[in-house]
Structures are given as C-alpha cells and as structure tokens.
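See below for the structure under consideration.
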Amino acid sequence: MNPGTGPKQTLKSDEGHSANFMPDLCQVTAVLFLLLSTQLFALIITLITSKKGLIDWEFLGLLSVYCHCIVLSCATVICQSRPWLANRSVRLVAAYCLSAIIAVSALFSWMFTRIIPSGSLPLEQDFILRSVLISALVGGILLRYFYLQHQWRLQKQAELRARLQALQARIRPHFLFNSMNSIASLVTIDPERAEEAILDLSQLFRATLNNQKMLITAEEELELCKRYLNIEGLRLGERLKLNWQVSDDIKAARIPPLSLQPLLENAIYHGIQPLTSGGTIDVKAFCKDNSAYIMISNPFVPGPSKSQGNQIALDNIRSRFSAIFGQDAIIKTSQLDDCFTVTLRFPKKIRYDSD
C-alpha cells in the first residue's frame, strides 16, 4: 500500500532528482494509514513484551501515545517541507527525512523519560538511543519503499505513454491516406476548393502532429473533427448532413486526441457514402454527474466488410481509453432500426497528467 499517492505526479527524467518521490503525508488516506500502521506496531510490541497476561493495557496505551506522537510529528514536518523538497536530489530528500525522523524521535524519547512514571515504560538509560535506532531503521525502510514505489510509477507511466503513442501512430497514417483521397477527388473538379481543403488539412495536422499530450480537451478534439468533416463535406456535398448537439459543460473534459475522428470516418465511409441520397451524422456530447458522454449516430448499411472496418477502429479506441481511464471508460455500439450509434462514456475529470 502506498499512502498519500495519486496517479498525478510531476515527473522528471533525471534520475538525480526526487520528482516528489515522497508521498503527500497531508492527505487523509495517508494519515489513516499511518495511524493504523502505528497502532498495529504498538500492539505487536505489547504482545511480545507483555508480562501481565496476554495484553498489558496500560503499557499499550502509553506506547500507543508515544508512537503516535513520533509518527504524526514526523509526518507533519515532512509534509510541511514537501514544497521545498520537490526539486531536490533523492539523496538530499532521503537525508533530510531521515534526519527529521531521528530528531523527532530523540525529542519525544527525552520528553517521555521526564513525564512518564517510572516502570510504565522500559525507560532504561539507553531508552533514547534504542528509540532513535528503531526509528531510524523503520524510517530508512519506509524511505526505500517510497523510492521504489516512485520508480515503479515512473516505469508504468513511461510504458503507458509508449503504448498510447503506438496506438495513435496507427491512426494518423490511415487518416492522412483517406483525407488525401478526398482532396484528390476535388483537384480536377474544383481546384480552388481542393486548395482550401489542403490548407484545412495542414492546419488540422499541425494541431495533431505537434501535440505530444496524451490528452486534450473535448473542445479541441471536436474542433479537429469539424476540420475533418469540412474536408469530407467538399467531396460529398449535400449528401453529408451534420447535427451537432454539444453542451458547454463537456468542453473542458479531457480525451485522447484523434479518438472521435476514426468514428466519424467510419460513419461516413460505412453509413453516408454507400447511400445515394447520403444521410445525417448526429454528434451528441454532454455531461451527466461525473461522467462525459459522446454519441455518434449514422445511417446503418449492413455488410461484413463494413462491420470489420468499424471493429478495427473501435478496438483501437477501446485500447486507448482502457489504458488511460481503466474501467471508468465504456465504449459500446448499438443498432436501432436503420441507425448505428457509438457511445463513449469516460470520467469528466481525470488526475492523470501526461504533459
């Protein structure tokens, strides 16, 4: 268990820096973890050393107070120093935290030798030294644990970034190929409109290829989709009709780039293009409770090849959403009468930071 840590971390590639490897001990979950762990430690020590039956309750009470004072005081000192430690080296952070643990332990051990009645705790002459050594040993083990946990998180996030980049790389060449085909069909028919489409495509790719983020806002993603649909609209003309229903509250939600474009591409090539009269693509985007919903509907034209093409895009998007949102993301398809709908549900807010 890693107390006080969350999925959002400020990461640095330089191994000589801590990158906040210490967890935030000010969080409620971290405090509860420390309280329970400390009490369990005090109980174990009492069971081992008790000479008055199974449990010496007086000894357990005094030992619990003593241990909690040390642990909570150390957590407070480290927590308050967290902003200063953020950009320090791992060795400096470890040395500072260990020094704070030793100093706090020595202080409370000395105080307890002055205020605790004789015989209540094993207050021998070397009580302070023993307490400091135990605190230093436990503190060193915990610091090592926190550091290894931090390195594990760095590795997992690096793997996640590599996986997402690989999935996105699959989409971009396919998207470029189909967009250029749409523009090529206009070159001989309407050169001016083809030139406009090329400029629109260049602006779109400037926004996507230069974006190294794993997440962008839904507003940015929808803007990319509109640019793509403008290109297809030049080719399809009045056959392509669009119905946008986008609420303002979803615009700030974060989504993987080029998540919706493949779905709109499928909607055109498998729903609009096969129909002589064309059809309407409905895009609905809204928020409900803590989730964001995006629904894309298009006319349904049955055919095995079309279903396979839809499935490839859906599998790719599912993989990307699963990598980022986990089980909080749901992507499902439905068919009602002559309408095919893809529904995406994902958290409105996410603490994952890929910047």
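I'm checking my understanding of the structure. Among residues of segment 77-106 that are surrounded by 15 or more Cβ atoms within 10 Å (Cβ to Cβ) and of a type in the set (S, T, N, Q), which one is modelled with the highest pLDDT? Among those residues, the one meeting the criterion is Ser105. With the requirement that a residue be of a type outside the set (Gly, Ala, Ser), over 18 Å from Val138 (Cβ atoms) and touching a residue at least 60 places away in the same chain (Cβ under 8 Å), what does segment 64-91 give you? Once the filter is applied, which keeps residues that are of a type outside the set (Gly, Ala, Ser), over 18 Å from Val138 (Cβ atoms) and touching a residue at least 60 places away in the same chain (Cβ under 8 Å), segment 64-91 yields Arg82, Leu85, Asn87, Arg88, Val90.
Tallying residues that are more than 15 Å from Leu344 (Cα to Cα), touching a strand residue (DSSP E or B) at 6+ places or on another chain (Cβ under 8 Å) and assigned to a helix (DSSP H, G or I) within segment 233-265 yields 3.
Sort out which residues of segment 42-63 are without any contact (Cβ under 8 Å) to a residue 40 or more places away in the chain, surrounded by 14 or more Cβ atoms within 10 Å (Cβ to Cβ) and part of a helix (DSSP H, G or I), and write them in order of number. Before you say what the answer is, go through the steps one by one.
Taking segment 42-63 as the starting set, the residues that turn out to be without any contact (Cβ under 8 Å) to a residue 40 or more places away in the chain are 42-48, 50-57, 60-61.
Now narrow it down to the ones that are surrounded by 14 or more Cβ atoms within 10 Å (Cβ to Cβ): 42-43, 45-46, 50, 56, 60.
If the condition is that a residue be without any contact (Cβ under 8 Å) to a residue 40 or more places away in the chain, surrounded by 14 or more Cβ atoms within 10 Å (Cβ to Cβ) and part of a helix (DSSP H, G or I), then Ala42, Leu43, Ile45, Thr46, Leu60 are the ones that fit.
Can you pull out the residues in segment 64-92 that are part of a helix (DSSP H, G or I) and in contact with a strand residue (DSSP E or B) (Cβ under 9 Å, 6 or more places away or on another chain)?
Tyr66, Val90
Take segment 328-345 and flag every residue that is crowded, with 17+ Cβ neighbours inside 10 Å and either of a type outside the set (A, V, I, L, M, F, W, C) or under 25 Å from Thr280 (Cβ atoms) (or both). Residues satisfying the conditions are Ile331, Phe340, Thr341, Val342, Leu344, Arg345.
The values are calculated or read from the model by the stated rules, or taken from the named source; none is laboratory data. All of these numbers come straight from a predicted model, not from anything done at the bench. Note that we place each Cβ from the backbone using ideal geometry, even for glycine, and neighbour counts take in every protein chain shown.
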